[in-house]
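The structure appears right after this line, and notes come after that.
The values are calculated or read from the model by the stated rules, or taken from the named source; none is laboratory data. Because the structure is predicted, anything quoted here is derived from the model rather than measured. All Cβ positions, glycine included, derive from the backbone under ideal geometry; neighbour counts span all protein chains shown.
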Amino acid sequence: MPGKKTTSKLTEENKKIAELSPNKEDSNGEYINTNTGVRINDDHNSLKAGDRGPTLMEDFIFREKMTHFDHERIPERVVHARGSGAHGVFKVYESMEKYTKAGFLTDTTRETPVFVRFSTVAGSRGSTDLARDVRGFAVKFYTEEGIFDLVGNNMPVFFIQDAVKFPDLVHAVKPEPHNEIPQAASAHDTFWDFISLMPESTHMIMWLMSDRAIPRSYRMMEGFGVHTFRFVNASNESFFVKFHWKPLLGVHAVAWDEAQKISGKDPDFHRRDLWEAIESGNFPEWELGVQIVPEADEFKFDFDLLDSTKIIPEELVPVQRIGKLTLNRNPDNFFAETEQVAFHIGHVVPGIDFTNDPLLQGRLFSYTDTQLIRLGGPNFQEIPINRPIIPVHNNQRDGYMRQTINRGRTSYSPNSLGGGYPIQSKAAEGGFTSYTEKIDAKKVRERSRSFFDHYTQAKLFFNSQSTPEKQHMIDAFRFELGKVETVAIRERMLGILTQVDRDLTAQVAYGLGLEAPAGPEQPVNHGVPADADQAHYEPFPPKDPVPDISLALSMANTVKDSISTRKIAILAADGADAASINGAKSALEAAGAVVEIVAPHLGEIVTNDKSLVPVDKSFLTAASVFYDALYVAGGVTSAATLEADADAVHFLNEAYRHCKAIAAHAEGKQVLEATYFANKLPEDDSEESALMEGVVVQNDIDRLSQIFITAIAQHRFWEREKPRRVPA
Ligand code: HDD
């Protein structure tokens, strides 16, 4: 049923997992041997002329091992190098046959295997998960009709309109070429130099400076196919379509200060979170959404459907939720699966086709090309993770690392010696036919004038944010531009921002110690060729967007109905009240949260009734930034210890600063009184005053747990940031 959460554990092997089985190796209980299968007698010593003599060339065992090791690395992805993957399944709720003939979207009985890879864009393979960056959201569907890759991001628009600018964009954001600084960060001169000269990036920059760029978890991000694609049905009718992924846990972010601290304390934060959720059976889920536009409506909007810097506001075309993606299995081997998986926007199946979006068209070239260098040759499609679940028959042969042993004499068509096989299939037999779009045009190097309004949707995004979200954007601009050393670049960006919002510009300007420009008169680069007739390139006058705001654009409007998989720390020390720990722990766990006991030392704490409670982390091995909420246990001795422990008090101060829900048993209140937010404790024990600040102090464990759970589900109490009195 649409929207229904899966509670049952999916344990069955899907077709892709089964198909991968022959390639799996497990050394358990086996003898070690060489790649030629010869058993090895001594894996600890090389062959030498005497026990103190030189190593001999003859040592084929040593040479084989060392050679393989020397060649272990392949080039990392030029973008999206850092990522994490998982297996899963996709199921459509109701047949979409009215719009598409794609089998995985029409057959409601099918469970299509998928492999998903999430990534950051700019950083290297070893960089932090919590960089302020776009996140990749690439889904490989292993369908019965071949592979469909939906290679999207967690933001619905892109920086540029034409793929020819992609190398420039990536060169600008990557570490600067002279000193390779900074890693996994856009806060540097070359990036903002480029952006400030590319007004078409303004909408994307709004998203990038928003909290979408610092997700709490991959499991709590939206995904977008970005481009307008085509659906084609069995009658060869076409519809424009935009793809969305809507996470059932809601869309949530961390605070920027939190992100930076996590980057130091656990750069694998998102990778670990995804892994642990799947291992513990909390399978991440998203619904696939589509916005469908009939062909007849192609020119209905005041933006161009082919322009990847634009969304279709959900108020204009609602998102229909048509199916569910569930990630239910971690990879067995990171390199073999997550690193070698090769996505390609050109991997489509009958029923899905391209549009003329110039960004999409350029991507169609780039992805095969990049896999050729990255994976070393044209046979990358034969790597287990990249193989379709149906057999491949064609006349492609040979090349580096060929795996398939093609039988027979013929590798050409037409042939008679091979009986004419393999043969083509008619569309009715499943043969892919490109949509017969009529094109009557002059060959030009131009950009359509319908692409020229760069600001209306940037404004729409900014105006749609809640007050705390707007403040976060102002802070993000101040941070990023503050790291830019060239003042002229900062000034140019302020000029761009004036096109979006005067107050935003004024606030950013203040943070930078600059004057906000008087008016939005900035030279606008619309990708105009050097010798163009300027008059031809005059932009359309910007129109007002149909909606003034779009609720879907603000994370403040996301679902906040669950604390499932949220991480909660119980702060306790020796002498803690056992009932206050156990009662809260079981209530939180029953609501789906993951609870850890954090104490001054590892091992166990001895409670007031002399029972032993195992400690998960000490204040040294944990940090408040790893948790969504904190709870201080009862017990006067424990409270006295925690109150006197600077690390415990810091834990609380920091969590308060990051706007997290905090609770204390009444006996633990003195610990909160030792914090910077002592004057923010609830005035009475009503639920209302607790939920105002997200600080819960109660004596009754059941009541405490219930109010605390409601508070945690709010995710963060962003309003609390306003006074900014907490220097943690
Ligand atoms: Fe791209 C990787 C998403 C524009 C060229 N891209 C890559 C990945 C994602 C995206 C999620 C990582 C896939 C994985 O996990 O292996 N890219 C996008 C989106 C774009 C976009 C949503 C805009 C709508 N990309 C884009 C353009 C080009 C590329 C315009 C070049 C013309 N992208 C690449 C690439 C990568 C890549 C160089 C690097 C590694 C790879 O392909 O497999 O070919």
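Selection within the range 180-206: residues that are in a loop (DSSP other than H, G, I, E, B) and farther than 19 Å from Ala81 by Cβ. The member of this set that is farthest from the ligand (Cβ to nearest atom) is Leu197. How many residues does the range 33-42 hold that are surrounded by 10 or more Cβ atoms within 10 Å (Cβ to Cβ) and of a type outside the set (S, T, N, Q)? Looking only at that region, the number is 2. If you go through the range 182-204 one residue at a time, do you hit one that is among the aromatic types (Phe, Trp, Tyr), out of contact with any His (no Cβ under 8 Å at 6 or more places or on another chain) and buried (at least 23 other Cβ atoms within 10 Å of the Cβ)? Yes, the conditions are met somewhere in the range 182-204.
Which residue, of Thr433, Thr404, Thr456, Thr410, is among the polar types (S, T, N, Q), away from the ligand (no atom under 16 Å from the Cβ) and at pLDDT below 95? Don't jump to the end; show me each part of the working.
Details: Thr433 fails: at pLDDT below 95; Thr404 fails: at pLDDT below 95; Thr410 fails: at pLDDT below 95.
None of the others qualify; the one that does is Thr456.
Residues in the range 207-247 that are of a type in the set (Ser, Thr, Tyr) and either assigned to a strand (DSSP E or B) or at positive phi (or both): Ser238 alone.
Of the helices (runs of 4 or more DSSP H) lying entirely inside the range 599-693, those containing at least 2 residues that are more than 25 Å from Lys265 (Cα to Cα) and out of contact with any Phe, Trp or Tyr (no Cβ under 7 Å at 6 or more places or on another chain) are 636-644, 669-673, 687-693. Considering the range 604-649, and only residues there that are of a type in the set (A, V, I, L, M, F, W, C) and under 30 Å from the mean Cα position of the chain (by Cα), the residue that is nearest to Ala578 (Cα to Cα) turns out to be Leu630.
In this structure, Val341 qualifies as assigned to a loop (DSSP other than H, G, I, E, B) and within 13 Å of the ligand (Cβ to nearest atom).
In the range 631-653, is there at least one residue being of a type in the set (D, E, K, R) and closer than 27 Å to Ser564 by Cα? No, the range 631-653 contains no residue that is of a type in the set (D, E, K, R) and closer than 27 Å to Ser564 by Cα.
Residues checked against (1) farther than 21 Å from Glu437 by Cβ; (2) under 24 Å from the mean Cα position of the chain (by Cα):
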position	(1), (2)
Val349	no, no
Leu359	no, yes
Thr370	yes, yes
Asn386	yes, yes
Gln396	yes, no
Gly399	yes, no
Ile405	yes, no
Ser416	yes, no
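Taking the stated definitions as given, is Glu314 part of a loop (DSSP other than H, G, I, E, B) and modelled with pLDDT of 95 or more? It is true that Glu314 is part of a loop (DSSP other than H, G, I, E, B) and modelled with pLDDT of 95 or more. Is it the case that Lys660 is modelled with pLDDT under 95 and surrounded by 18 or more Cβ atoms within 10 Å (Cβ to Cβ)? Judged against the criteria, Lys660 is not a match. Looking across the range 361-380, the residues that are under 27 Å from Thr228 (Cβ atoms) and either near the ligand (Cβ under 8 Å from one of its atoms) or touching a Pro at 6+ places or on another chain (Cβ under 8 Å) (or both) come down to Gly362, Arg363, Phe365, Ser366, Tyr367, Asp369, Thr370, Gln371.
With the requirement that a residue be outside any helix (DSSP H, G or I) and either over 23 Å from the mean Cα position of the chain (by Cα) or surrounded by fewer than 21 Cβ atoms within 10 Å (Cβ to Cβ) (or both), what does the range 442-464 give you? Steps first, answer last, please.
Step one: filter the range 442-464 for residues outside any helix (DSSP H, G or I), giving 442-448, 452-455, 464.
Those that are outside any helix (DSSP H, G or I) and either over 23 Å from the mean Cα position of the chain (by Cα) or surrounded by fewer than 21 Cβ atoms within 10 Å (Cβ to Cβ) (or both): Lys442, Lys443, Val444, Arg445, Glu446, Arg447, Ser448, Phe452, Asp453, His454, Tyr455.
From the list Val151, Val170, the lone residue that is among the β-branched types (Val, Ile, Thr) and either within 15 Å of the chain's Cα centre (by Cα) or over 24 Å from Asp193 (Cβ atoms) (or both) is Val151. Exactly one residue out of Asp357, Asp369 is more than 24 Å from Met220 (Cβ to Cβ) and touching a residue at least 40 places away in the same chain (Cβ under 8 Å), and it is Asp357. State whether the residues of the range 321-330 include one that is surrounded by fewer than 21 Cβ atoms within 10 Å (Cβ to Cβ) and within 23 Å of Ile549 (Cβ to Cβ). Yes.
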